[in-house]
Structure formats: structure tokens, C-alpha cells
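Enquirer: Pasting in a structure now, in C-alpha cells, and then I'll have a few things to ask.
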Amino acid sequence: MPFTPQRAFQAKPRIFTSAQGMYYRTQDGREVLDSIAGLWCVNAGHAQPAIVKAIQAQAERLDFVSSFSMSHPPAFELASRLAALAPGPLNHVFFSNSGSEAVDTALKIARGYHRARGEGGRTRFISRAKAYHGMGWGGLSVSGLARHRRDFGPFLPEVAHLSLPYDPKVSAFSQGLPDSGAHFVDELVALLATTHDPSTIAAVIVEPVTGSGGVYPPPKGYLERLRAVCDQHGILLIFDEVITGFGRVGAPFAAQAFNVTPDIMTCAKGMTNGAVPMGATIVSDTVYDAFMTKPADQIELPHGYTYSAHPLACAAALATLDVYREQALFERVGKMAGVWAKAAHKLRGARHVVDIRTIGLLAGIDLSPRPGAAGARGTEVNQACFDQGVLVRTAGDTFMLSPPFLISEEEIDRLFSTLAAILDKTA
Ligand SMILES: Cc1ncc(COP(=O)(O)O)c(C=O)c1O
């Protein structure tokens, strides 16, 4: 099982047998409020009828066709719909099966782009502390989480990491974008001036909102400055929108919410509402055009997966995009974000809580660790929430909450009051 203490699971298995809207049902018949949208992916809530029907119909019509030198109409329809949803120049889509594959694809495209333009010396990637970019070797190489990397190196050698742009002394308990922190881009400027010549850098990759690392929204002005420094030096900017894509911060992508356009964007998760695995890497016209200068009988991008643009995934994604639009779910995030932030920040002052960060329908809540037993308090509170019918997510002593966009005011209230009551009783 992925990222699971196997023996702890065997001792206390969590088995779900069905799900509907905001709720899972467990094998022992309990209803559990899903405050993490499955795993940041079931944005429209579970078992949306239109998505279920679309998958069923597609399975009957065309179960599979390879995307190697052939395709099927929904693949192109979906690519067009995604291009229309993405910021202006991001018009070209490459399909994969997960966020990890979307990230590895993005990194390969970045290097291939420079090589196609005669700048093959640009091989280095710059990432950040606390970054999560999936579990492929590329994504793990640019990961900023020591506990994920510790046992598996060496990784791609050409990666430099910047700090997380967050200073808890100044920005703790932030709502939305922290006021302070754009100056963290100075680190990149210094790196380019002293350590790594800009002509060796392929791309800077960031999650617009650091997700699995603990939910850290970008400081005001930070992404704009990052964009400017990349432009100045011919470095590509990659936004990993695997969590922030499809409405999580109130716009189709964080790029639009924060008004900064990357050259390459990755997405997955909410793309099919979690119903069928799928990822995508969306690139700008400029990036795409660089590959089109090769002789016409050559494969422009020698890369791909058996299940790229899988018919069931395309059908699920097209239906998901309809659901988002018809139920105005991205707009709903905008409307609920204030209620969400208010309820989350009521935990300020609760026992053990040392920081809370909110944006859109995301929250990161840090507890102080027990001396000598980091993570134990988080695990205990997580279990107590589950026992009381609320599914939350923790990494160590940090809670990361990301509910389906259908969540009601009452459910928000239930989630945070359950947490508050449990914290109060937890040593
Ligand atoms: C920002 C980001 N990138 C990539 C991934 C990897 O996605 P997957 O687990 O679908 O491979 C994740 C997963 O949580 C993610 O949050």
C-alpha cells in the first residue's frame, strides 16, 4: 500500500465500500465525511451521475485504442477543452495516467525544448523545499521532501532547491496569499549569479500552492517575480497544478487565480474527478513550436504511455468538465472560501495548534509535535476524527484538508468543530 504503515493498517484496516457526494461508507456500515476529496481529486463529490454514465457508455463504445500513431475523437475533444480552460498560450496537451507521469513528461519536454533550439546545455532543474512532484524518478529528483528521498538516491544530479517562500515568524495564520515573502525570489537571482550559470538551467518547477508539503500559498508578488527572472534568462517556468488545477483555488487553474502564466503546466487528479486515472502536461505555443522544427517524418517527442488518452479516462474527463461548468463548482469554491477560512482559523488558539494556512478550499494546520515523538499527535488526532466519522489527512503533525467543492456550511462546521473537540482532549 502506498505511503502506509502496513502493520498499523493491518491492525486497524480502513476499508470503504461505497461513496456518494460528500460521504464514504465503510465496510462496517459507517458514514464518513470526506474532507480530503479522496486524495485532493474528487472535486465534484463522489459518484456524480453524469461521470458514471459517461464511463459506462465509453466502455461499451470503444474500450481501448492506442495513442501511438492513432487516436479517437474524445482525445482531441478533451485536449481542445483543456487548452480552452488553460491560460492563453497553453494550447497543447500531452496525456498520461497520473500526476507523476505528467511531471516527468514536463521535465522531459523542458529539456527537449532547449535541445531542439540548440541549447542542449540547459539540463538543470530548480525546485523548492517541501515540493511534492510525484514518485517518478524525475519528480522525486525535484522533490523537496527529505523523508521521500532519503532511501532512494542518487537522483538526477542536476537539481538545485530554493527555500519554501514562507517565514512563520511573519506569515503564520495567513488567509490567502501571505503579504510577505516575494523576496524569497532573491535566492534564485543569487543562485544564477553565483552558482549555476543561467545557460545551464532548463526550468524552474513549482507548485503554485505547495500542497502535500503542508499547504503553503505563495506570497504576494512571488510568482510574478519568479516569472520575470525566468523570462530574463530564457528559463522555462513549470507550474505543477496536480492539486491546484480544476478549481481548487477558485479558478480553473492557480495560474489564472494568481495571474501568472507558466510555459508548462501539469494536471491530473480533479481532471477526471478521480474516477479514472489520468494526467496531462499542457505546454505553450512556443514550447510546442520548437519541437515542430524537426523533419516532418520524425517523431517530434519520443515519449508516451500505453494508456495515454485512454478512452475511459477521456470520457470521464469530458463529463467532469461538464459537471464543473453546469454546477458552477469553481465559482462555488470562490463563494465558500470565506466560510472555510473563517471556520479553519477559529482553531487558532486551540490546543497544540501552531499555524493555520488557508486558500480556496485548502487548509494546512500544524500541531506542535510531542517531544521525542514527532507525528504521534497527528496520527492520534487523525484516528479520533475517523472514529467520529470525519476523514482527514495528516503528514506528521500537519493536517491537510481539501474537501469536495460540494461541502456545505454545516459540514465545514462539523469538520472543524470535531477537530477542535478532539484537540482539546488530546495530550
Ligand atoms: C503537486 C503534485 N504533483 C504530482 C503528484 C503526483 O500525482 P500522482 O500521485 O497522481 O502520481 C501529486 C500527488 O499528490 C501532487 O500533489
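Enquirer: Of the residues T261, T320, which single one is among the hydroxyl-bearing types (S, T, Y) and in contact with a Pro (Cβ under 8 Å, 6 or more places away or on another chain)?
Expert: Step by step, each of T261, T320 is checked, and only T261 is among the hydroxyl-bearing types (S, T, Y) and in contact with a Pro (Cβ under 8 Å, 6 or more places away or on another chain).
Enquirer: Does at least one position in the stretch 262-280 carry a residue that is within 26 Å of G334 (Cβ to Cβ), of a type outside the set (A, V, I, L, M) and away from the ligand (no atom under 16 Å from the Cβ)?
Expert: No, every residue in the stretch 262-280 fails to be within 26 Å of G334 (Cβ to Cβ), of a type outside the set (A, V, I, L, M) and away from the ligand (no atom under 16 Å from the Cβ).
Enquirer: Quick one: would you say D322 is assigned to a helix (DSSP H, G or I), in contact with a helix residue (DSSP H, G or I) (Cβ under 8 Å, 6 or more places away or on another chain) and of a type in the set (D, E)?
Expert: On the way: assigned to a helix (DSSP H, G or I): yes; in contact with a helix residue (DSSP H, G or I) (Cβ under 8 Å, 6 or more places away or on another chain): yes; of a type in the set (D, E): yes.
When the stated conditions are applied, D322 passes them.
Enquirer: When the stretch 186-209 is examined, which residues are found to be more than 26 Å from G112 (Cα to Cα) and within 23 Å of the chain's Cα centre (by Cα)?
Expert: Across the stretch 186-209, the qualifying residue is only V209.
Enquirer: I would also like to ask the following. Within the stretch 32-51, is even one residue within 16 Å of the ligand (Cβ to nearest atom) and more than 22 Å from Q327 (Cβ to Cβ)?
Expert: Checked the stretch 32-51: no residue is within 16 Å of the ligand (Cβ to nearest atom) and more than 22 Å from Q327 (Cβ to Cβ).
Enquirer: Separate question: Considering only the stretch 156-164, I want to know if a residue exists there that is closer than 30 Å to G349 by Cβ, modelled with pLDDT of 95 or more and either in a helix (DSSP H, G or I) or away from the ligand (no atom under 16 Å from the Cβ) (or both). Quick ask: steps written out before the conclusion?
Expert: Let us first name the residues in the stretch 156-164 that are closer than 30 Å to G349 by Cβ, namely 163-164.
From what is left, the residues that are modelled with pLDDT of 95 or more are 163-164.
Still in the list and also either in a helix (DSSP H, G or I) or away from the ligand (no atom under 16 Å from the Cβ) (or both): 163.
Yes.
Enquirer: Further, regarding this structure: Within the stretch 288-306, work out how many residues are under 29 Å from the mean Cα position of the chain (by Cα) and either touching a residue at least 40 places away in the same chain (Cβ under 8 Å) or within 13 Å of T105 (Cβ to Cβ) (or both). Walk me through how you get there before you give the answer.
Expert: Initially, the stretch 288-306 is screened for residues under 29 Å from the mean Cα position of the chain (by Cα), giving 288-291, 300-306.
Retained after the next criterion (residues that are either touching a residue at least 40 places away in the same chain (Cβ under 8 Å) or within 13 Å of T105 (Cβ to Cβ) (or both)): 288, 290-291, 301-306.
Residues that pass the stated criteria total 9.
Enquirer: Would you confirm whether any residue within the stretch 235-244 is in contact with a helix residue (DSSP H, G or I) (Cβ under 6 Å, 6 or more places away or on another chain) and over 16 Å from S127 (Cα atoms)?
Expert: Yes, the stretch 235-244 contains a residue that is in contact with a helix residue (DSSP H, G or I) (Cβ under 6 Å, 6 or more places away or on another chain) and over 16 Å from S127 (Cα atoms).
Enquirer: OK, next. Is it true that some residue in the stretch 138-151 is more than 25 Å from P217 (Cα to Cα), more than 15 Å from the ligand (Cβ to nearest atom) and assigned by TED's automatic domain parsing to the domain that holds P295?
Expert: Within the stretch 138-151, the first condition is being more than 25 Å from P217 (Cα to Cα), and the residues that meet it are 150-151.
Those still in the list that are more than 15 Å from the ligand (Cβ to nearest atom) too: 150-151.
Checking the rest, the ones that are also assigned by TED's automatic domain parsing to the domain that holds P295 come to 150-151.
Yes, that holds for at least one residue.
Enquirer: Within the bounds of the stretch 204-224, is there any residue that is part of a strand (DSSP E or B), among the hydroxyl-bearing types (S, T, Y) and under 26 Å from N273 (Cα atoms)?
Expert: Taking the stretch 204-224 and keeping what is part of a strand (DSSP E or B), we get 204-206, 210, 216.
Then drop every residue that is not among the hydroxyl-bearing types (S, T, Y), which leaves 210, 216.
Applying the additional criterion that residues be under 26 Å from N273 (Cα atoms) yields 210, 216.
Taking every residue of the stretch 204-224 in turn, at least one turns out to be part of a strand (DSSP E or B), among the hydroxyl-bearing types (S, T, Y) and under 26 Å from N273 (Cα atoms).
Enquirer: I've got another one for you. Give the residue, chosen from H310, H352, that is crowded, with 16+ Cβ neighbours inside 10 Å and under 23 Å from the mean Cα position of the chain (by Cα). If you could, list the steps in order and put the result at the bottom.
Expert: Numbers: H352 fails: under 23 Å from the mean Cα position of the chain (by Cα).
Every option except H310 fails the conditions.
Enquirer: A further question follows. Please work out which one of (1) in a helix (DSSP H, G or I); (2) within 30 Å of V52 (Cβ to Cβ) is the condition A421 fails and give its number.
Expert: Unmet for A421, out of (1) in a helix (DSSP H, G or I); (2) within 30 Å of V52 (Cβ to Cβ): (2).
Enquirer: Here is a list of conditions, (1) more than 20 Å from G279 (Cβ to Cβ); (2) surrounded by fewer than 24 Cβ atoms within 10 Å (Cβ to Cβ); (3) under 22 Å from the mean Cα position of the chain (by Cα); (4) away from the ligand (no atom under 13 Å from the Cβ), and K130 meets all of them except one; can you say which number that is?
Expert: (4)
Enquirer: Determine whether A8 is outside any strand (DSSP E or B), at pLDDT below 95 and not aromatic (F, W, Y).
Expert: Spelling it out, A8 is indeed outside any strand (DSSP E or B), at pLDDT below 95 and not aromatic (F, W, Y).
Enquirer: What pairs come out if I take residues in the stretch 236-248 that are assigned by TED's automatic domain parsing to the domain that holds A106 and pair them with residues that are basic (K, R) and surrounded by fewer than 24 Cβ atoms within 10 Å (Cβ to Cβ) whose C-beta lies under 6 Å away, six or more apart or interchain?
Expert: Listed pairs, sorted by first residue: L237/R227.
Enquirer: Moving to a separate point now. Would you tally the residues in the stretch 76-102 being surrounded by fewer than 16 Cβ atoms within 10 Å (Cβ to Cβ) and either of a type in the set (F, W, Y) or not assigned by TED's automatic domain parsing to the domain that holds P277 (or both)?
Expert: Final tally of qualifying residues: 1.
Enquirer: Out of the residues in the stretch 401-417 that are under 16 Å from V353 (Cβ atoms) and crowded, with 22+ Cβ neighbours inside 10 Å, which is nearest to the chain's Cα centre (by Cα)? Give the steps one after another, and end with the answer.
Expert: To start, the set of residues in the stretch 401-417 that are under 16 Å from V353 (Cβ atoms) comprises 401, 415-417.
From what's left, crowded, with 22+ Cβ neighbours inside 10 Å: 401, 415-416.
On the way: L401: 13, L415: 22, F416: 23 Å.
Checking each candidate, the answer is L401.
The values are calculated or read from the model by the stated rules, or taken from the named source; none is laboratory data. These figures come from a predicted structure and were not determined experimentally. Heads up, the Cβs are rebuilt from the backbone with ideal geometry, glycines too, and the neighbour counts pull from every protein chain shown.
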